[in-house]
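Notes follow once the structure below has been shown.
The values are calculated or read from the model by the stated rules, or taken from the named source; none is laboratory data. Being a predicted model, the structure only gives us computed values, none of them experimental. Neighbour counts are summed over all protein chains in view; Cβ atoms, including those assigned to glycine, are modelled from backbone coordinates with ideal geometry. To get the accessible areas, we keep the full protein, side chains included, count just its heavy atoms, and leave off ligands, DNA and RNA. Shrake-Rupley method; radii C 1.70, N 1.55, O 1.52, S 1.80 Å.
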Amino acid sequence: MPVTDYDIVIGLEAHAHLLTRTKMFCSCRTTFGAEANSQTCPVCIGMPGVLPVINRKALMLALRSAVAFKCEIPATMRFDRKNYYYPDLPKNYQISQNYTPLGVKGFVEIETSKGRKKIGLDNIHLEEDAGKLLHPEGSGAVYSQVDLNRAGTPLLEIVTRPDMSDLDEVEAYMETLRRTLEALEISDCKMQEGSLRFEASVSLKPLGAAELGNRVEVKNLNSVRAVLNALAYEIDRQAAALDARERIDRETRLWNEELSRTERMRSKEEAQDYRYFPEPDLGPIVVLDEWLQEISASLQELPNERKWRFEDEYALPSYDAGVLTQKRAIADYFEAAVAAGRAEVSDPARLAKVVSNWVMGQVLKELNDRKVEITDFPVTPERLAGLVTLIESGKISNTIAQQLLPIMIETGEDAGRIAEQRGMLQVSDTAEIEKLMDEVLAANPKPVADYRSGKKAVFGFLVGQAMRQTKGKANPQVVAEILTKKLEN
Amino acid sequence: MDLLCATAVDVSRMVASGEISAREVARFFLDRIQTIDPKIHAFLHVDPDWTLSLADAVDAKRAAGKPLGPLAGVPVALKDILCTKGIPTTCGSKILENFRPPYASTCVEKLLAADAVFVGKANMDEFAMGSSTENSAFGPTANPWDTSRIPGGSSGGSAASIAARMALVAIGSDTGGSIRQPAALCGVVGMKPTYGRVSRYGLVAFASSLDQIGPFAANVRDTARTLSVISGRDERDSTSIDAGVDDYEAALTDVKGLRIGVPKEYFAEGLDSEVESRVREALDVLKGLGAEIVEVTLPHTSYAVATYYIVCTAEASSNLARYDGVHYGYRKTGTPDIIELYSKTREAGFGPEVKRRIMLGTFVLSSGFYDAYYTKGLKVRRLIKQDFDDAFKSVDVIAGPTTPTAAFRMGEKVEDPLSMYLCDIFTISTNLAGIPGISVPCGFTSGGLPVGLQFMGKVLDEKTVLKVAAAYEQATNFPTMPENL
């Protein structure tokens with residue numbers, strides 16, 4: 001059977017480093033790339049008798065994510081110990097949350113070509129990262145080295161329900177999660193620095209079957225590409241196995257980037273027993289209502305929600321809303337410009353679309369060319385609104401407006417004043433235009449004759465001639481009206 | 001004044017007034033250790049240079065006209081479970097044989113700030129697991145009252161150092177009785193405060209939810225003064241209690257009208273008849289002092305030992321996982337891979353009792369058994385705490401024997417862990433409930449072995465516990481040092 005004869009069931013676990021200056025349970029720095037073991041202390045290297053102290057900032061950032069993803073947050077939570085031996089884990093247990101994760105049952109809403117979908121979250125919890133093992137290059141090395149700089153870095157784990165059914169959804173989920181955590185300043189999500197990592201689990205079942213297939217977990221996924229490639233490989237592998245009436249074992253597999261395949265790491269029977277129990281060195285945390293109120297009050301709209309609001313509220317196409325909400329400051333700029341233009345422009349949908357075109361086009365181009373952030377852009381949203389208002393009220397043409405923007409950037413002046421000073425305002429004076437039209441008609445006898453004999457297509461040419469005559473300053477609508485009148489007579 | 005008969009309070013007063021220098025005091029006790037300790041082996045590490053430098057710092061402070069702390073020049077023995085910066089801290093284990101912590105425990109810092117002078121690191125059962133100090137990787141400690149007998153444990157070195165007057169104050173840790181039981185068997189005063197009263201930062205962890213640091217001394221007043229010094233909230237220990245510290249010494253008044261509960265469950269099978277007699281005599285003394293003796297019941301007492309060995313072994317199995325030969329401490333060399341490195345290091349580094357508890361703890365936390373053991377253990381723990389809460393509705397303190405018997409002979413229970421575990425039957429409940437307890441001398445057996453009387457109090461009510469202990473001590477005044485040592 002082809003892959004399309006199976007339902008694909010995918011869940012993801014994301015690990016994100018929280019944006020804190022210091023570690024989860026001690027005051028060591030979390031700076032990336034420091035000299036090995038230079039950011040360590042007795043607490044994060046697990047010396048005898050030392051005790052963890054919770055990093056409040058990390059707790060608040062983690063709760064922020066739980067609120068943002070609409071999780072249920074327990075009134076009281078604890079940390080638990082996850083016991084396993086590994087040389088990058090100095091205490092040989094990780095302080096994590098198992099019995100009372102700080103958020104359960106939330107969701108991340110994604111959008112693919114098939115529409116919007118809520119990907120359920122099983123839980124969000126807070127834990128400490130492990131260190132890193134360094135294996136010396138070359139064969140014959142009989143030792144490994146341990147760098148504990150990363151040990152104890154605050155880590156947010158976000159575990160989805162098995163709600164994704166194709167790779168588009170997986171990609172949209174990863175992108176949405178990254179954008180959201182970045183926008184809320186919860187994590188910098190730099191996958192190349194390991195501050196955002198994914199593990200996936202995938203199973204197949206015959207189309208429509210109620211019972212889920214055996215789940216395979218895939219680890220060692222160091223990029224978005226790796227996640228997608230590994231899942232694509234794993235889906236094919238499982239489909240082929242099921243076609244051949246083979247059993248899929250519940251197991252953990254590693255993605256081999258070089259060979260582009262997954263390889264068995266351990267079976268379910270070999271799975272570790274982590275012997276979770278409540279961390280006795282840390283008391284229970286009572287989650288205060290005021291914390292949650294503070295978080296809710298400071299929480300901005302999620303990037304996806306903002307996109308969808310732009311589509312509804314401003315009647316923008318999905319593409320526009322997506323581009324505008326890519327960065328929070330751009331979206332803020334857009335909304336401020338629309339708000340400033342409202343008093344002058346009566347059709348709100350039109351205003352929004354014109355402002356959107358300007359922001360996506362000229363404004364982003366200028367920002368890019370000039371290498372400036374939108375927050376430092378000399379043309380404030382109000383000034384852009386002024387420019388748009390001039391266009392919409394017929395005082396300048398689009399062509400003139402294109403010329404005006406660079407001058408506004410250079411001079412910092414508003415559009416109206418520049419246009420006035422430089423004689424760029426559009427001519428709407430019918431008497432003056434009528435005089436110009438007469439000149440145009442006189443200079444183009446053939447097209448005029450063609451028009452009058454029924455070849456209406458030359459009308460556009462005549463308007464173009466008229467506009468050229470006025471150097472683009474004549475109001476095209478007035479020009480068209482007068483021209484029609486004169487030609488019909 | 002003969003320093004052997006001096007109290008810590010005396011010494012600090014004399015040092016502060018210049019009657020004697022801290023160096024002279026230190027010299028005296030170092031000499032005493034040199035003479036006596038070969039018979040007792042209370043110390044694992046004595047470093048005269050360290051001790052004298054601490055004493056000199058106290059003398060220099062006085063010479064500079066600065067006020068001295070409440071333990072000025074007082075010779076203090078530290079159980080070798082407390083991290084001392086740059087000074088060996090072995091926890092009685094081969095696995096930490098050459099470990100010198102790059103940091104000091106909060107308790108040690110507080111004692112130094114009070115101008116105490118450390119005379120050495122005291123012997124203990126490995127990782128505080130034991131009731132006789134025979135589980136020390138570096139040899140047992142002898143009971144100063146009868147050197148063929150054990151001093152109790154796990155803080156046996158600390159208790160023996162006081163009974164033999166090699167120190168005037170000693171610090172121990174108590175997870176299930178490890179201060180009070182050796183204090184009873186060595187005929188000195190030993191107190192386990194409320195859980196969270198003294199910071200555990202820098203105390204090598206055995207069972208984190210039960211461990212508590214506390215003082216030993218030859219008398220209640222010295223104990224109270226030391227407790228005032230080491231108590232208090234510590235930002236580095238999230239489980240330390242954020243409450244003001246009472247002046248425990250000032251609280252030592254009379255006991256008229258005090259209601260003392262006596263749990264009937266503490267006078268049951270297994271209690272030695274001589275111990276029972278001494279304790280009943282003690283209750284009569286208290287009655288004579290104007291206290292009211294009331295029978296109370298602690299119905300879940302019989303489950304305490306079982307509950308304790310679930311909770312403490314579970315926590316220990318995790319706490320001791322870090323001793324793996326990778327980052328510090330003992331490492332078995334020549335192993336072919338990391339798994340062998342772990343297992344050979346731990347096989348050679350830990351003694352049999354530690355291994356037994358790690359295995360028990362690993363078992364009770366393992367998948368499929370967790371609920372039957374650990375979860376149930378926590379439930380019973382809450383019931384035991386409830387027993388005390390109920391009893392304290394009608395009484396101010398609870399009194400009873402500290403131990404079921406007096407000191408036993410070395411080797412007597414080494415092959416019988418269960419009977420060893422039962423040594424702590426009367427002390428374990430207070431750790432499970434987190435309440436304070438003290439053991440004070442209440443006489444001797446016919447064979448001349450000390451017997452201890454235990455008082456237990458409400459959470460953070462160390463004041464009342466110390467008050468009743470002091471009143472009883474004043475009325476009886478039993479000798480706290482053997483004559484022919």
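Every test in (1) open to solvent by 10 Å² or more (accessible area, probe 1.4 Å); (2) within 14 Å of chain A (Cβ to nearest Cβ); (3) not β-branched (Val, Ile, Thr) is passed by B:Ala64 save one, and that test is (2).
Evaluation of B:Asp247 against the conditions (1) open to solvent by 70 Å² or more (accessible area, probe 1.4 Å); (2) over 25 Å from the mean Cα position of the chain (by Cα) shows that the sole unmet condition is (2).
Mind listing just one residue for me: the one in region B:229-244 that is open to solvent by 30 Å² or more (accessible area, probe 1.4 Å) and facing chain A (nearest Cβ under 9 Å) and, of those, nearest to A:Arg78 (Cα to Cα)? Before you say what the answer is, go through the steps one by one.
As a first pass, look at region B:229-244 and keep what is open to solvent by 30 Å² or more (accessible area, probe 1.4 Å): B:233, B:235-236, B:238, B:241-244.
Cutting the leftovers down to facing chain A (nearest Cβ under 9 Å) gives us B:235-236, B:238.
Details: B:Glu235: 18, B:Arg236: 18, B:Ser238: 13 Å.
In this case the residue turns out to be B:Ser238.
When B:Ser277, B:Ser238 are screened for being free of Cβ contacts under 8 Å to residues at least 24 places away in the same chain and not in a loop (DSSP other than H, G, I, E, B), only B:Ser277 passes. Annotation: of all residues in region B:330-368 being open to solvent by 30 Å² or more (accessible area, probe 1.4 Å), assigned to a loop (DSSP other than H, G, I, E, B) and of a type in the set (Gly, Ala, Ser), the one that is farthest from the other protein chains (Cβ to nearest Cβ) is B:Gly334.
Taking the condition surrounded by 24 or more Cβ atoms within 10 Å (Cβ to Cβ), touching a residue at least 24 places away in the same chain (Cβ under 8 Å) and either in contact with a Leu (Cβ under 8 Å, 6 or more places away or on another chain) or not in a loop (DSSP other than H, G, I, E, B) (or both), does B:Ala167 pass? Judged against the criteria, B:Ala167 is not a match.
The C-beta contact set for region A:277-289 (first residue more than 8 Å from every other protein chain (Cβ to nearest Cβ), second residue open to solvent by less than 10 Å² (accessible area, probe 1.4 Å), distance under 6 angstrom, 6+ apart or interchain) comprises A:Pro278/A:Asp80; A:Glu279/A:Phe79; A:Glu279/A:Asp80; A:Glu279/A:Arg81; A:Glu279/A:Ile95; A:Ile285/A:Met77.
If you check A:Leu228 against the conditions, is it hydrophobic (A, V, I, L, M, F, W, C), in contact (Cβ under 8 Å) with a residue 40 or more places away in the chain, farther than 28 Å from A:Ala58 by Cβ and part of a helix (DSSP H, G or I)?
Working: hydrophobic (A, V, I, L, M, F, W, C): yes; in contact (Cβ under 8 Å) with a residue 40 or more places away in the chain: yes; farther than 28 Å from A:Ala58 by Cβ: yes; part of a helix (DSSP H, G or I): yes.
Yes: the conditions hold for A:Leu228.
For first residues located in region A:329-341 and in the same structural domain as A:Ala183 (by TED's automatic domain parsing) and open to solvent by less than 40 Å² (accessible area, probe 1.4 Å), partners that are assigned to a helix (DSSP H, G or I) and among the basic types (Lys, Arg) and lie 6+ apart or on another chain with Cβ distances below 9 Å do not occur. Any residue that is closer than 28 Å to A:Met174 by Cα and either more than 14 Å from chain B (Cβ to nearest Cβ) or assigned to a loop (DSSP other than H, G, I, E, B) (or both) - is there at least one of those in region A:47-55? Checked region A:47-55: at least one residue is closer than 28 Å to A:Met174 by Cα and either more than 14 Å from chain B (Cβ to nearest Cβ) or assigned to a loop (DSSP other than H, G, I, E, B) (or both). The number of residues in region B:416-464 that are of a type in the set (S, T, N, Q), part of a loop (DSSP other than H, G, I, E, B) and within 16 Å of B:Ser131 (Cα to Cα) comes to 1.
Can you pull out the strands (runs of 3 or more DSSP E) entirely within region A:109-204 that have at least 2 residues that are charged (D, E, K, R) and open to solvent by 20 Å² or more (accessible area, probe 1.4 Å)? Break it down into steps so the answer makes sense when it comes.
Working: elements: A:115-128, A:132-134, A:145-147, A:154-160.
In region A:109-204, A:115-128 are the strands (runs of 3 or more DSSP E) which contain 2 or more residues that are charged (D, E, K, R) and open to solvent by 20 Å² or more (accessible area, probe 1.4 Å).
When region B:315-335 is filtered for residues that are in contact (Cβ under 8 Å) with a residue 40 or more places away in the chain, at negative phi and more than 21 Å from the chain's Cα centre (by Cα), the ones remaining, listed by number, are B:Ser317, B:Ser318, B:Tyr323, B:Tyr328, B:Tyr330.
Screening the candidates B:Cys91, B:Cys107 for the property of being in contact with a helix residue (DSSP H, G or I) (Cβ under 8 Å, 6 or more places away or on another chain), modelled with pLDDT of 95 or more, in a loop (DSSP other than H, G, I, E, B) and within 14 Å of another protein chain (Cβ to nearest Cβ) yields one hit, B:Cys91.
Across region B:209-235, the number of residues qualifying as within 20 Å of B:Glu109 (Cβ to Cβ) and in a loop (DSSP other than H, G, I, E, B) comes to 5. The single condition among (1) touching a Gly at 6+ places or on another chain (Cβ under 6 Å); (2) buried (at least 20 other Cβ atoms within 10 Å of the Cβ); (3) within 14 Å of chain A (Cβ to nearest Cβ) that B:Arg100 does not satisfy is (2). Going by what's in this entry, would A:Glu344 be described as modelled with pLDDT of 90 or more and surrounded by fewer than 18 Cβ atoms within 10 Å (Cβ to Cβ)? It is false that A:Glu344 is modelled with pLDDT of 90 or more and surrounded by fewer than 18 Cβ atoms within 10 Å (Cβ to Cβ). Name the residues in region A:30-74 that are surrounded by fewer than 23 Cβ atoms within 10 Å (Cβ to Cβ), within 26 Å of A:Gly283 (Cβ to Cβ) and among the basic types (Lys, Arg), would you? A:Arg56, A:Lys57, listed by residue number. Restricting A:Glu488, A:Glu410 to residues that are at pLDDT 85 or above and open to solvent by 30 Å² or more (accessible area, probe 1.4 Å) narrows the list to A:Glu410.
Out of all the residues in region B:245-253, is one or more more than 14 Å from chain A (Cβ to nearest Cβ), aromatic (Phe, Trp, Tyr) and either free of Cβ contacts under 8 Å to residues at least 24 places away in the same chain or not in a loop (DSSP other than H, G, I, E, B) (or both)? Full working, then the answer.
Restricting attention to region B:245-253, the residues satisfying the condition of being more than 14 Å from chain A (Cβ to nearest Cβ) are B:245-253.
Then keep just the ones that are aromatic (Phe, Trp, Tyr); that gives B:248.
Among the residues that remain, those that are also either free of Cβ contacts under 8 Å to residues at least 24 places away in the same chain or not in a loop (DSSP other than H, G, I, E, B) (or both) are: none.
No, that holds for no residue.
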